[in-house]
Each structure stands twice: as structure tokens, then as C-alpha cells.
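Engineer: There's a structure below that I have some questions on.
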Amino acid sequence: MGLTLAEQIISHAAGRTVRAGDLAVVPVDMAMAVDSIAPSVIDVLTKDLGAARLYDPERVAIFIDHVAPAVNVATANAQARVRRFAKEQGITRLFDVGRGVCHQVMIEEALIGPGQIAIGSDSHSTSYGSIGALGAGMGSTDIALAWATGHAWLRVPATIRIQVAGQFSPGVSPKDLTLWVEQTLRADGATYRAVEYHGVDDFSMASRQTLSCMTTELGAKSGIVPPTGEVAERFSVPEWLKIDPDAVYERTVTVDLSQIEPLVAVSPRVDDVRPAAQLEDVAVDMVFIGTCTNGRLEDFHAAAEVMRGRTVADGVRMLLVPASSQVLADMVADGTLATLLEAGATIGTPGCGPCIGRHMGVLGKGEVALSTANRNFRGRMGDPESDIYLASPATAAASAIAGHITDPRAYL
């Protein structure tokens, strides 16, 4: 009996063959924490575990990205504490304000590679599966244990396979695919499972990051894409890591990309998904393009294609937050940023931006946002009586122009 990608990665790390349901203690290649959680990790490490030093500072990364720059004195003090800790412990991988979202930067900096294991204090650490790694979000205690010992424990997840065929129609993107999967599996449909995407060898690395990131919204432990195509060109892929034709999957879902249309997740559920064309009576106050889900260069290219020569509707504010400083530099270099600014958008510091509702675009009571992020539950981006709809960058751009949710194909 063959092994899924998750079983292969955990087996290799554990030094023995493991299968779905088995428990394994494995060395962690990278354990990262973000600014909003790092103080708690430090407390567990130093007070509860009594660890004076990290097991290996080279396998630790810290990101100040969730509320960056700091919005108040309490946040500033917490971030200052994290910086001091990193200096005291010899952590060289501290990425400060403006470098970008942890998951984007982890991959840009090649802090994790195919076949490796990374855990993070952010739930969307599933993103590392985009390059064929096993990424998993964990709480403060588990991250602190990894910092102290270099190891973590895992229950090997069963795997759901998404078998992809066909090609996207114009105006449709990987974000629409993920929303189709959310609708099909539902928000708890992959609880503590791994989700593997097959048949996406021609997808860009950025597109694969969208796929892996959104598996968190299915309840998945990890979301893994076989490291082929662009990933294999940019990273060293171990010979043992490849699709096993004899692997056993809990379930296989087949999807024809040509049959997918621009989709929107309706407030307040990520799995309440409808065609954008059916929601044109929903007016928007804010449009947000960014986050670890859709804040990469190709996402802003898609928005610019829609917005070139057009302007944001009156009464709509459009916020762009690149996923990293590199993305921002690339947007400047190729003219994408100028196109979007000319259309009436505004730019924020690379990082998480308004995704968690703490700064840079908090929603007021009764307001409606169309966001390219990953979550839309009540109060996520501000007042609990606001509404968040989730869509692709192209749909977001079209909606900013129209002033209401709009199928982007009308502008292409």
C-alpha cells in the first residue's frame, strides 16, 4: 500500500513508515511565530517550560506582520519585547515591520523547502504545502515546545484528494477554485485531514499558495500540492517525494476548471458560495486586495487588468496591501501599482493589513467589504454588524469599479 504526500513527509521525518492515524514525534525544520502570538510563546517557553535558551535559533523565525506598524502603546511594547527576545536568543530570522506576511516571506526566503516540516503560530501555515512541504498551524504551547526541543508531535492525517482537470475560463482564478472546494466539502469537510491538489502542474507558485492557504477554511491540518512545475524549478525536491499511484485517499473530488465561474463567499460563512453574477444587488463600501491568500504580484496583475483605464466608484474605498516588500517592489517596477493608484486605490504597509480587523481598514457598523482574504465571519474585520464577502482579485477589482459585487468578466 502506497503513501500520500503527508504520510511520505512525516514518515521521512520520523525515520519509520507511518500511516493515517499514527502518532509521530518529528524534528521540525522551522517553527515560526507572529507578533500577536509570540509574547505568549515566549511566556510558555521561559515560565512554563523553564527553558533559558532555544534548542536551535536557526530553526526559529519571528514575523512582525499582523499589526504592523503598531497601532497603540500596548502593541508597540509587545513588539519591542519580541525584538529584545530575538536579539538575546540570537535569532537572525526576525522579519520586522514592512517585510510582509509570514507565509509569503517564509517561501520567498526559502526558510522551508519541499519535503520538510514547518509549524507556525498562525493557522494559515498550511500555505507551506504550496511547495510540497508539510505546514501546520499550532498553538503557543506547541510552538514553545518546538523552540525548546526542536521537535513536535503529529497525528498523521488522512488525505482528501482534489483531482483537477481542464483550464480556467478568462476571469476565473485559483481563488474561485478554492471557493468551489469550500462549497463542495463545507467548512468542516476536511477536519484534521490533509488536502492534496493533483493535476495543477501548470499552476504558478503563487496560485499554489492560494490553494494551500485556503485549506485551513476546510478544517485541514495541511494542504499539499505536489512540488512540480515552477516549484521544482526554484526548489530542490527530494527524490522520494512524489505522487504514489498506490496511495490510499479517504475521498477524491474531481473538478473541471472550465465549469467554474467567478464565485463569492457570502457573509458570514466561507462555505456559503454563490456566483458573483447572482450578488449584484450587494453594494460595497470597501474593497481589500491582499493577505497570505491573494496578496501576490499575479493577484495585483489580475486587478490591474480589470481596472486599467477605469476608476473606483464614488463611495468605495479600495485598499491594496502587498503580501511582502518584494511584491511591492515588483508592483512598482512593472507599473502595476501606478495603474491601481491611478484608478483610485490606496496602498498599505506590506503585511496582513485589515484582515484581522485591528488596523488599516476596520469596518464600521453596517458596512460591507469585498475581500480577497480567507475568512468572513462576524467581526473578523471590525464591527460585528458589518459584512464581509470573499472573492478573487479580479472580482474585487470589478466590484470596486461598479460599486457593488460584480462578475469580472463584464470588464474583460
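Engineer: Sequence neighbours fewer than 8 away in the same chain don't count; with that in mind, list the aspartates and glutamates whose C-alpha is under 18 Å from Lys175.
Structural biologist: Once the sequence-local aspartates and glutamates are set aside, what remains near Lys175 is Glu196, Asp201, Asp202, Glu217, Asp256, Glu261, Asp271, Asp272, Glu298, Asp299, Glu305, Asp407.
Engineer: With the Cα gyration tensor of region 135-209 in hand, convert its eigenvalues to equivalent ellipsoid semi-axes via √(5λ) and list them largest first in whole Å.
Structural biologist: Gyration-tensor ellipsoid for region 135-209: 31, 15, 12 Å.
Engineer: Then there's this: Determine, for Thr372, Thr336, the number of other Cβ atoms within 10 Å of each Cβ, and report the residues in order from fewest to most.
Structural biologist: Ascending number of Cβ neighbours within 10 Å: Thr336, Thr372.
Engineer: Charges only on Cβ, +1 for Lys and Arg, -1 for Asp and Glu: so what's the dipole of region 159-259 about the Cα centre, in debye to the nearest 20?
Structural biologist: 240 debye
Engineer: What is the order of Val164, Val321, fewest Cβ neighbours within 10 Å to most?
Structural biologist: So the residues, fewest neighbours to most, are Val164, Val321.
Engineer: Enumerate the lysines that Lys242 could reach by cross-link, defined here as Cα to Cα under 24 Å, with residues fewer than 8 away along the same chain left out.
Structural biologist: Lys221
Engineer: Right, another one. With N residues in the chain, what two-decimal value do you get for its Cα radius of gyration over 2.2 N^0.38 Å?
Structural biologist: The value comes to 0.94.
Engineer: Stick to Cα atoms and the Kirkwood definition of Rh, then tell me Rg/Rh for region 252-355.
Structural biologist: 0.99
Engineer: Using a Gaussian network model of the chain whose springs link C-alpha atoms within less than 10 Å, name the residue from Ala33, Ala394, Ala148 with the highest mean-square fluctuation.
Structural biologist: Ala148
Engineer: Can you compute the modelled spin-label distance between Glu280 and Phe377, with each label point 7 Å from Cα toward Cβ, in nm?
Structural biologist: In this crude spin-label approximation the distance works out to 3.4 nm.
Engineer: Hey, another quick one. In whole percent, what relative contact order does the chain give with Cα contacts below 8 Å and a gap of six or more residues?
Structural biologist: Computed value for the chain: 18 percent relative contact order.
Engineer: Follow-up. Direction-averaged shadow area of the convex hull around the Cα atoms of region 159-259, nm²?
Structural biologist: Averaged projected hull area, Cα only: 6.4 nm².
Engineer: Under a plain spin-label model, where a point goes 7 Å from the Cα along Cα-to-Cβ, how far apart in nm are Leu412 and Arg234?
Structural biologist: My value for the distance between the label points is 2.2 nm.
Engineer: Quick one: Asp330, Asp48, Asp176, fewest Cβ neighbours within 10 Å first, how do they rank?
Structural biologist: Asp48, Asp330, Asp176
Engineer: Mean projection of the alpha-carbon convex hull of region 1-133 over all orientations, in nm²?
Structural biologist: Average of the hull's projected areas for region 1-133 equals 8.8 nm².
Engineer: Follow-up question, since we're still on this one. Sequence neighbours fewer than 8 away in the same chain don't count; with that in mind, list the lysines whose C-alpha is under 20 Å from Lys87.
Structural biologist: Straight-line reach from Lys87, under 20 Å: Lys47.
Engineer: While we're looking at this one, here's another question. Which value at 222 nm does the chain reach when only helices count, each DSSP H run of 4 or more adding -39,500 (n - 2.57), with the total divided by all residues and rounded to the nearest 500 deg cm²/dmol?
Structural biologist: -8000 deg cm²/dmol
Engineer: Right, something else. Suppose every K and R has +1 on its Cβ and every D and E has -1 on its Cβ; what is the size of the dipole of the chain about the Cα centre, in Debye to the nearest 20?
Structural biologist: 940 debye
Engineer: Something else about it: Normalised by the residues of region 159-259, what does the relative contact order come to in percent, with Cα pairs under 8 Å and at least six apart?
Structural biologist: RCO, region 159-259: 44 percent.
Engineer: Shifting gears a bit: Gaussian network model of the chain, Cα springs within a sub-10 Å range: biggest mean-square fluctuation belongs to which of Ala329, Ala313, Ala144?
Structural biologist: Ala329
Engineer: I'd like the antiparallel share, as a percent to the nearest 5, of DSSP beta bridges with both residues in the chain.
Structural biologist: Looking only at bridges with both residues in the chain, the antiparallel portion is about 20 percent.
Engineer: State, as an integer percentage, the relative contact order of region 264-411 based on alpha-carbon contacts under 8 Å between residues 6 or more apart.
Structural biologist: After rounding, I find 36 percent.
None of the figures in this text is laboratory data; all of them are computed from the coordinates on show. What you see is a predicted model; the values in this text were computed from it and never measured. All Cβ positions, glycine included, derive from the backbone under ideal geometry; neighbour counts span all protein chains shown.
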